[in-house]
Each structure stands twice: as structure tokens, then as C-alpha cells.
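This report concerns only the one structure given below.
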Amino acid sequence: MNKIAVLTSGGDAPGMNAAIRAVVRTARFYGMQVYGIERGWDGLIKGQITELQNRSVSDMVQRGGTFLKTARCPEFVTLEGQQKAAQTLEAYGIEGVVVIGGDGTFRGAKDLSDNFGVKCMGIPGTIDNDLAYTDYTLGFDTAVNTVLSAINNLRDTMSSHDRASLLEVMGRKCGDIALYASLAGGAEYCITPEVPFSIEEMAKSLMQSQKRGKTSNMIVLAEGAGNKEEICSKIKELTGISVKTTVLGHIQRGGSPTMADRILAAKLAVKAVDLVLENKTNRVVGIKYNKIIDLDIS
Ligand code: F6P
């Protein structure tokens with residue numbers, strides 16, 4: 001392949017810029033032309049494409065978000081939308097697309113390839129870490145570190161006032177952000193969608209630990225695991241303890257990527273371009289047991 005394109009789609013994640021940068025510089029090292037598509041599938045449908053040079057990705061490795069921008073694109077779910085996207089690529093003579101995003105992005109890539117023969121290569125980029133084939137997705141490590149910093153701050157004030165705190169974190173249906181941040185931050189309770197939990201049991205445990213002299217507690221709640229107001233009012237009803245809630249929200253999505261995310265971005269991007277060079281298509285790259293892997297997008 002001589003001409004490839006790169007896009008980011010779905011929710012942004014720290015490390016996406018580092019991955020774009022590595023795709024561009026690796027592909028150009030091998031003599032390919034690289035195009036950047038703005039706003040994901042939407043930009044592909046609308047033809048928002050520019051050629052990227054090595055300098056286009058200068059000063060990017062440390063930036064959160066994605067300089068190519070991103071969007072969720074309902075039109076791309078339709079055959080008509082996919083056809084327009086395929087036509088744009090044809091008009092530019094682009095032979096393959098590296099897509100950086102989560103499961104929705106990969107589904108889009110698979111559709112484009114199944115229905116219109118476009119060659120796609122996927123790099124996992126989402127803070128949620130909800131792609132089961134890979135141990136880590138880009139942005140997860142940074143997001144967990146952001147949550148950890150919030151836990152540290154909350155602990156200072158909660159322990160000063162002998163209070164309990166509930167911190168709601170992102171992750172959609174996946175509890176990984178909550179789980180890793182809870183383990184690393186020493187949270188007393190972690191509620192995730194994957195593991196059934198009982199408020200009654202938690203209330204009992206809170207009462208017992210109070211009796212043992214514990215006056216401050218940190219509860220981390222994954223957003224997909226339950227309703228924070230209901231949980232807090234039930235705890236109040238059962239124990240008399242009033243829990244202060246914090247919703248971290250989109251703060252988790254921004255910020256300069258950690259070392260782990262930057263290095264992962266470089267490794268995944270190099271693998272994606274290597275696969276393109278080997279003429280392999282419709283693969284996704286990932287990391288399993290600390291080894292960079294690839295497998296069929298299906
Ligand atoms: O998929 C990433 C994510 O941040 C989820 O954790 C969260 O549920 C969702 O996106 C929020 O989406 P939006 O930014 O569109 O509100």
C-alpha cells in the first residue's frame with residue numbers, strides 16, 4: 001500500500017494523539033503517504049481529509065484528546081453512509097485505513113470492509129478498557145491515574161471530617177476503571193457491573209468497621225453498576241451514615257497521557273503499520289501478557 005489514512009472515532013482517549021503520531025511517522029518512514037481524516041467516520045463521509053507530514057504530528061505525543069477530532073456518527077451505520085465513505089477513499093486513492101477507537105469504531109471498520117472491501121486496521125483507544133481481546137486499551141492507564149488522584153484528594157478531606165465518600169467513575173458497562181482505581185487507591189468498597197453486590201451487606205460492613213474505630217470510607221462506583229442516589233439513600237437509611245458523592249465525569253477523558261499509554265500507543269501503531277506493509281487487513285492490534293498481538297477484526 002502506498003496511501004493510507006488514519007482516523008479517531010467514538011469517545012476520545014489520552015494516547016490517541018501519540019498513536020496518530022506513531023502511525024504517521026512509521027508509515028512515512030516506509031515511504032507511504034498518510035492522510036488524516038477529521039471527526040472519524042463523519043469526516044470520511046464528508047471528505048474532511050488532509051495529508052499529514054512528519055511535522056503535522058510535532059508536539060503531539062504529550063497531548064490528551066485527539067487533534068484529528070472525533071465524533072459519533074449515526075449515518076455511518078447505514079449502507080448509504082458507508083458507501084459515501086468508501087467513495088471518498090477511492091477518490092483520494094487511499095488503500096487502507098487505520099482506525100483508533102473502541103468497539104463501535106471497530107464495528108464500523110468491519111462493516112466498511114465487509115460491505116465495500118475497504119482494508120481496515122484497528123488500534124484500541126478507549127478509557128473504558130472494555131475490549132476483551134486486549135489487556136489494555138489506550139487511555140485506560142491515564143484515566144485510572146486521574147481517578148487515583150481524585151481518590152487521594154477525597155481521602156484527605158474525608159478522613160479529616162470522618163466522612164464516607166462515593167466516587168462515580170466512567171466505564172460504560174465495564175468496571176475496569178473502578179476496579180483498578182479501587183485497588184491502587186485502597187478504596188474500602190468497589191461496585192462494578194460485573195460482580196453482583198448487596199447494599200445491605202455493604203451497610204452491615206460499614207457499621208462493623210465503624211465499631212472497630214474506622215471513621216472514613218471510600219466507595220468507588222462504576223457508572224454502569226447502579227444509581228448513586230439510590231445507593232447513598234439506602235446506606236443512610238440502613239446505617240445513618242451520610243455519604244458525600246462526587247461524579248468525576250469527563251475529567252477522566254482528558255489530560256496528558258501517562259508513560260504507559262504513550263509507549264503502548266507507539267507499540268500498537270508500529271504493529272498496525274507493519275501489518276499494513278505485510279498486506280494484512282481487517283485486523284486489530286492489542287497487548288496480551290505484555291506481548292503485542294493482532295487478530296481478526298471479527
Ligand atoms: O466510552 C468512553 C466514555 O467516556 C464512557 O466511559 C462514558 O460512558 C461515555 O464515553 C460518555 O460519552 P459522552 O462523552 O458521549 O457523553
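Per-residue ellipticity at 222 nm, computed for the chain from helices alone with -39500 (n - 2.57) per DSSP H run of at least four residues, works out to -13500 deg cm²/dmol. Of 1, 218, the residue with the largest accessible area leads and the full order is 1, 218 (1.4 Å probe).
Rounded to the nearest whole Hz, the Karplus-based 3J(HN,Hα) values (6.51 cos²θ - 1.76 cosθ + 1.60, θ = phi - 60°) of segment 158-163 follow the sequence 5, 6, 5, 9, 6, 10, with x at glycine and proline. Give me the percent of accessible area attributable to carbon and sulfur for the chain, probe 1.4 angstrom. Roughly 49 percent, rounded to a whole number.
Shown in residue order for segment 180-187 are the 3J(HN,Hα) couplings computed by the Karplus curve 6.51 cos²θ - 1.76 cosθ + 1.60 at θ = phi - 60°: 5, 5, 5, 4, 6, x, x, 5 Hz (x for Gly and Pro). Accessible surface ranking for 21, 172, 1.4 angstrom probe, highest first: 172, 21. Just checking the listed ones, 55, 28, 262: in the Gaussian network model of the chain with Cα springs under 10 Å, the one fluctuating most is 55.
Straight-distance candidates among the lysines for linking to residue 267, with alpha-carbon spacing under 30 Å and chain neighbours fewer than 8 residues away dropped: 3, 69, 110, 119, 173, 280, 288, 291.
Between 220, 285, 77, the GNM of the chain built on Cα springs shorter than 10 angstrom shows 77 fluctuating the most. How much net charge surrounds residue 132 when only other residues with a Cβ under 11 Å from its Cβ are counted (Lys, Arg +1; Asp, Glu -1)? Summing Lys and Arg as +1 and Asp and Glu as -1 gives -3. Bridge orientation summary for the chain: considering DSSP beta bridges with both residues in this region, about 25 percent are antiparallel. Among the protein heavy atoms, those of residue 95 account for about 80 Å² of accessible surface (1.4 Å probe, every chain in place). Among the GluC sites (Glu not before Pro) found in segment 226-298, those both in a DSSP coil and sparsely packed, with 10 or fewer other Cβ atoms within 10 Å of their Cβ, are 278. Solvent-accessible area per residue in the chain equals 45 Å², computed with a 1.4 angstrom probe and all protein chains kept. Of the residues 207, 158, the one with the largest accessible area comes first in the ranking 207, 158, computed with a 1.4 Å probe on protein heavy atoms.
The values are calculated or read from the model by the stated rules, or taken from the named source; none is laboratory data. Computed from a prediction, not measured in an experiment: that's the story for all the values here. Positions of Cβ are generated from backbone atoms using ideal geometry, with glycine treated the same way; all protein chains shown enter the neighbour counts. We work out accessible area using only protein heavy atoms, side chains counted, and drop any ligands, DNA or RNA first. Shrake-Rupley method; radii C 1.70, N 1.55, O 1.52, S 1.80 Å.
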